[in-house]
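Visitor: This structure is in structure tokens; I'll ask about it shortly.
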Amino acid sequence: MTGGATMTETGHDPVEFANSLGAKMASASRHLCLFLGAGVSKACGLPDVSELQQRVIDGLDAEQKVAFESQLEGRNLEAALSRLRRIAALLEGEEKIDDLDAGAATALDRAVCLQVVSALGIDDADLKPMLRLAAWLGRARYSLPVEVFTVNYDPLLETALEALKVPYFDGFVGNLKARFRADLVETQRERPDQRLPPFMVRLWKLHGSINWAWVEDESSRVVRLGAPVADGDAAAIYPSDAKYDESRRVPFLVLHDRFRQALTEPESLVLVSGYSFSDQHLNETLFEAAEAHPRSEICVFCHDDIPTVLAERAVETPNLQALAAERAIVSCIDGGWVKPEETISEDIWKDSHFGLGDFRALARFLTRSSPAQRVLEARLEKLLAASEAVPSD
């Protein structure tokens, strides 16, 4: 099942790759997964990981800024939040770690979450790329449900799915304080009587969301709210510390296991967009799946160049394809792109570059790859027209 881009003496053929990808996606028996990183949200006008971290720091007061920058030394945003939560859980009375007692650590955690929620507000976001992705998801008619995995905290995709009235399941049941249902997430194929219908898109937020919150009751459970967490509350963002309170890790552990299980489905096609390959655990999950299941295929669309860690594995793994603006690694062959002789869609080829590394172009490509549905198209056109005040993508 490998291949998909003809290699000539000068490089890979973008037309051949796009046609091959479209043919693979046309099979109703295909198990199709999407894995979305921060670059997808950035394409909609939200900050990427580094920008988000800087916005958080800039929004803190002077004392909080010093304290949080100390936590960020050698850590990313999630690891720093996890450390704050461990400090709050471990300390009693006047005990301190890093000059923080339990109360100060909790207050800083909430202040950071407030800045995250503020930075990821979508009122001014460009929703058009997500609307196009949601339209494609709404048209999808595969034997198995399409599964979308994301490490993003923002509600862009949920908003687009609901705007187009595309049914989806995110692991939670309810509206005001939706409870996480691990049993529905973990349902296996051998129990079709317990499965949700395949037309429902599965949306798995691996690292939490700005509208997930911890409810401090007898179970200390995570719930999904109908809106972002309120000022003064901490959002349920992935607790990366392995020693963190097990009850609070349940949604994350279950969803990460769902990610691993999804990649074991026979002949899966996994499309990766906006992911920087900075998370070693997720990297290995993707790489190991490609190696263990040679009839599956993982296509990684890179906005700029191919990350080194990805390139090193792609040149050794035939069914792991890495596709960037100026080069691609397909069937272990690392080479440039061949300029098409005929005029083709700008989503695929624009300004002498392969275009699908840009999520906006990929969303348009996906939208065109499935048959239109009259009611859904009418909703999409109406929403796109209403978005004209937003700069065009």
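Visitor: Using the structure shown, decide if Arg249 is at pLDDT below 90, surrounded by 16 or more Cβ atoms within 10 Å (Cβ to Cβ) and assigned to a helix (DSSP H, G or I).
Guide: Yes; evaluated as a whole, the condition is true for this residue.
Visitor: Give the residue that is farthest from the chain's Cα centre (by Cα), with candidates limited to residues of the range 261-304 that are at pLDDT 95 or above and of a type in the set (D, E, K, R).
Guide: That would be Glu291.
Visitor: Okay, moving on. Suppose we filter the range 70-112 for residues that are farther than 21 Å from Tyr153 by Cβ and either surrounded by fewer than 21 Cβ atoms within 10 Å (Cβ to Cβ) or under 26 Å from the mean Cα position of the chain (by Cα) (or both); how many remain?
Guide: Residues that pass the stated criteria total 18.
Visitor: Right, here's the next one. Please find, within the range 27-62, the residue that is surrounded by the fewest Cβ atoms within 10 Å (Cβ to Cβ) out of those that are over 16 Å from the mean Cα position of the chain (by Cα) and among the hydrophobic types (A, V, I, L, M, F, W, C).
Guide: Ala62
Visitor: While we're here: Could you say whether any residue in the range 382-392 is farther than 19 Å from Phe35 by Cα, assigned by TED's automatic domain parsing to the domain that holds Leu263, in contact with a helix residue (DSSP H, G or I) (Cβ under 8 Å, 6 or more places away or on another chain) and surrounded by fewer than 14 Cβ atoms within 10 Å (Cβ to Cβ)?
Guide: no
Visitor: Looking only at the range 65-91, how many residues end up being more than 14 Å from Val49 (Cα to Cα) and without any contact (Cβ under 8 Å) to a residue 24 or more places away in the chain?
Guide: Qualifying residue count for the region: 9.
Visitor: With respect to Asp123, determine if the residue is assigned to a loop (DSSP other than H, G, I, E, B) and at pLDDT 90 or above.
Guide: yes
Visitor: Looking at the range 94-115, I want the residues that are more than 16 Å from Ala213 (Cβ to Cβ) and of a type in the set (Val, Ile, Thr) and have a partner that is assigned to a helix (DSSP H, G or I) and at pLDDT 90 or above with Cβ atoms under 6 Å, at least 6 apart or on another chain. Which pairs are those?
Guide: Ile97/Ile87
Visitor: Looking only at the range 266-293, filter to residues that are touching a residue at least 40 places away in the same chain (Cβ under 8 Å) and in a loop (DSSP other than H, G, I, E, B); which one of those is farthest from Lys42 (Cα to Cα)?
Guide: Pro266
The values are calculated or read from the model by the stated rules, or taken from the named source; none is laboratory data. These figures come from a predicted structure and were not determined experimentally. Cβ atoms come from the backbone with ideal geometry, glycine included; neighbour counts cover every protein chain shown.
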